[in-house]
Structure formats: C-alpha cells, structure tokens
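Trainee: What follows is a single structure, and I will ask about it in a moment.
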Ligand SMILES: [Zn+2]
Ligand SMILES: [Zn+2]
C-alpha cells in the first residue's frame, strides 16, 4: 500500500488516482488486521494529497466475556490529508518550512522519495473503528464467575442457585446464631 505520488505533486490541483486494495494485512499495536479490501482515491489539493476511501477488514481477537476466539468486522471510511516532504514540487502554492514537519502525524507524511505509505494511517483508522468490547457473538453468556465454565457451551447449575456458594457457609452461621438465641 505504497504509492508514488510524484506525478500528483507536480500535477494540477484536483488531479486524482484511484487504487484497489485487495486482501491486504496490517500489523499495528500488536494486532493483526486482515483481509483488508477497498478502494482508495488520492487527490492533489493545494498543499497536500487527500486520501479517501472505504475499507472493510476483519480482525481476530479474544471475546472479552468468554475468552474464546472472536472475529470482528472492521469497516471504516477514511479521509486524511498527507503532507509532502518535498513541498517545493507543488510549486509556489505551498512552502512549508522544514521545522513544521514536526507538527505532522508521521503516519500522514509523504517521504523524500514521494512515496505515500497508507499502511500506518489506514491501520490507525481501522483500530479506531474497533468496537470497545469484542464479543464472539452479541449475546455471549461469558464465563460463570463461580465454576468458570463457558456458559455458551455448558449450562452450569450455579446460575440457578439464588445463594452464591461463597456465602453459603456464612448463611449457615447466621442460622446457628438464630437457634442459640432461642
Ligand atoms: Zn464470548
Ligand atoms: Zn457455574
């Protein structure tokens, strides 16, 4: 997902190029986002290259409730401006002093070879689109906190008991106390 945008930078305002992304994969923050598909449009603006596109992907993780493997669909619409290191190529429209590059997100900078690398910017966009809680299924029953079985596969008796077994002993003591008063 690296595109040479030299011709866009030296071209005219509004010039654009379209690319298809098929079955790509991005590793970011220790997570692997796979089967990334979509199309991306690169358009020259006055001082940058505007990247826009719609992407679909999937990610494998563990369900937060039952800890079993879960697959989530991650879809995102991305629209970001990438700033060129060689701003001089864009003519006298743009002249960003070199020191200002510190202000840019490194994921959104076109390098000295005029390569626009979409990987990090798209990875960040996909990560931000992840659900906060990843579930194997919407109605996952999770793990029983008492006997630790996966309640999606085994129906344990703990859930039916009104008294938490951890307090059963205490309940017995209270009964004894009541008897001794008599
Ligand atoms: Zn689950
Ligand atoms: Zn249980």
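Values quoted throughout were computed directly from the atomic coordinates according to the rules given, and no laboratory measurement underlies them. Source: prediction; values computed, not measured. With ideal geometry, Cβ positions are generated from the backbone for all residues, glycine too; neighbour counts draw on all protein chains shown.
Trainee: Using 0.36 nm times the number of residues separating residue 86 and residue 71, minus their current alpha carbon distance, what extension gain do you get?
Mentor: 1.3 nm
Trainee: Measuring from a point 7 Å past the Cα of residue 62 along Cα-to-C-beta, which residues in the range 134-160 have an amide N at less than 20 Å?
Mentor: It comes to 134-154, nothing else.
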